[in-house]
Amino acid sequence: MARLQDRFTKEIQPRLAEKLGRKNPHSLPRLTKIVVNMGVGQAAQDRKRLEEATGHLATITGQKPLVTKAKKAISAFRLREGMEIGCKVTLRGRRMFEFLDRLVSLALPRVRDFRGLSHRAFDGHGNYTLGLSEQLVFPEIDADKVTHTQGMHISLVTTARTDDEARVLLKELGLPLTAG
């Protein structure tokens, strides 16, 4: 069992029950999945960029990424329907908790001028999305071998009914959200 997953069941769930005033452990909000997405805009011109991004995403998450394709043709971006333009990974269970643990304890402190994550990035249904400008904040990536830096979006999907419940859950999990 992952370190954070073990801590969640033993320490965080009882604290959540106390804070939210619920006795039923099944009614407590929990993290269901984490989706890590890299949109590679230059993949239309340079196939190697997509291959590099896919390799980095596999290294960061420990899982083989799914290559995403364009749904529509957009002539201004020289994009045709069906072109490979990005990659994504959906993490659940043990891998999800291990990734979140590495994100909070290793990657976010390495972000330049980091003052915490915005408390406004919730979607109204208890899900949170954050963006990273480069993959080099993860220690698994060797900076000397990277030819192109690539940003990514990380979506944390929860079972929380409201943003406030999700905010309490994510703060308990260790996400450094700013006060608001």
Restricting region 23-56 to residues that are at pLDDT below 85 and outside any helix (DSSP H, G or I), the residue that is surrounded by the fewest Cβ atoms within 10 Å (Cβ to Cβ): Q45
Quick one: in region 58-79, of everything that is surrounded by 13 or more Cβ atoms within 10 Å (Cβ to Cβ) and assigned to a loop (DSSP other than H, G, I, E, B), which residue is modelled with the lowest pLDDT? A70
Filtering region 96-114 down to residues that are in contact with a strand residue (DSSP E or B) (Cβ under 9 Å, 6 or more places away or on another chain), without any contact (Cβ under 8 Å) to a residue 60 or more places away in the chain and crowded, with 18+ Cβ neighbours inside 10 Å, which residue is nearest to L136 (Cα to Cα)? A107
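Among residues belonging to region 160-180 that are within 16 Å of the chain's Cα centre (by Cα) and surrounded by 15 or more Cβ atoms within 10 Å (Cβ to Cβ), point out the one that is farthest from R15 (Cα to Cα).
Of everything passing the filter in region 160-180, L177 is farthest from R15 (Cα to Cα).
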Name every residue in region 2-15 that is in a helix (DSSP H, G or I) and either closer than 22 Å to R95 by Cβ or among the charged types (D, E, K, R) (or both), in order of residue number. R3, L4, Q5, D6, R7, F8, T9, K10, E11, I12, Q13, R15
Out of A160, A179, report the one residue that is in contact (Cβ under 8 Å) with a residue 24 or more places away in the chain, in contact with a helix residue (DSSP H, G or I) (Cβ under 8 Å, 6 or more places away or on another chain) and farther than 27 Å from A53 by Cβ. A160
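The values are calculated or read from the model by the stated rules, or taken from the named source; none is laboratory data. If you're wondering where the values come from, they're calculated on a predicted model, not measured in any experiment. Neighbour counts are summed over all protein chains in view; Cβ atoms, including those assigned to glycine, are modelled from backbone coordinates with ideal geometry.
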